[in-house]
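The values are calculated or read from the model by the stated rules, or taken from the named source; none is laboratory data. All values reported here derive from a predicted model rather than from experimental measurement. Note: ideal-geometry Cβ built from the backbone for every residue, glycine included; neighbour counts use all protein chains shown. All accessible areas refer to the heavy atoms of the entire protein, side chains included, with ligands and DNA or RNA removed. Shrake-Rupley method; radii C 1.70, N 1.55, O 1.52, S 1.80 Å.
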Amino acid sequence: MDGWQETYYRTEEDFKARKNKVLPYAVNCMEKQRIGLLTTPLREAGFTYAVTCHGLPNQMTSFLINLEFKKYAKILYPIHFECVNDRVYTIEEFLDEILYKSK
């Protein structure tokens, strides 16, 4: 499965059948050098990194993050993906409003 699929579906079969979908959060880091501000707390919280989604990895600064699956994937355009609250969070917004409150 591609990385974005792993953040929406538990298994390959779920993806193929388009069932058991769980929406992730979309987070835009804006700059490549800021990615660690997001990925470090995610790893410390036990999240695993899904395979990078199709695109140009060096241009990707956005992520899909699923709290239920504890998975995250790097993506190119977060606005193109269905996500919680139809909102693209900044790193700070996601950490303060979502990740740290869920602990």
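Below, the figures for the structure above:
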| read-out | value |
| --- | --- |
| For the range 1-54, the spread of Cα positions along each principal axis, largest first, Å | 37, 23, 17 |
| Long-range amide H partners of residue 89 with built H, under 5 Å | 26, 27, 28 |
| Debye-sum result for the chain in log10 I(q)/I(0), which assumes one identical scatterer on each alpha carbon, at q = 0.25 Å⁻¹ | -1.53 |
| Accessible surface of the chain [probe 1.4 Å, protein heavy atoms]: carbon and sulfur percent | 51 percent |
| Positive minus negative residues near residue 66 (Lys, Arg vs Asp, Glu; Cβ under 11 Å) | +2 |
| Accessible solvent surface per residue of the chain, calculated while the other protein chains remain in place, 1.4 angstrom probe, Å² | 56 Å² |
| Positive minus negative residues near residue 90 (Lys, Arg vs Asp, Glu; Cβ under 13 Å) | -3 |
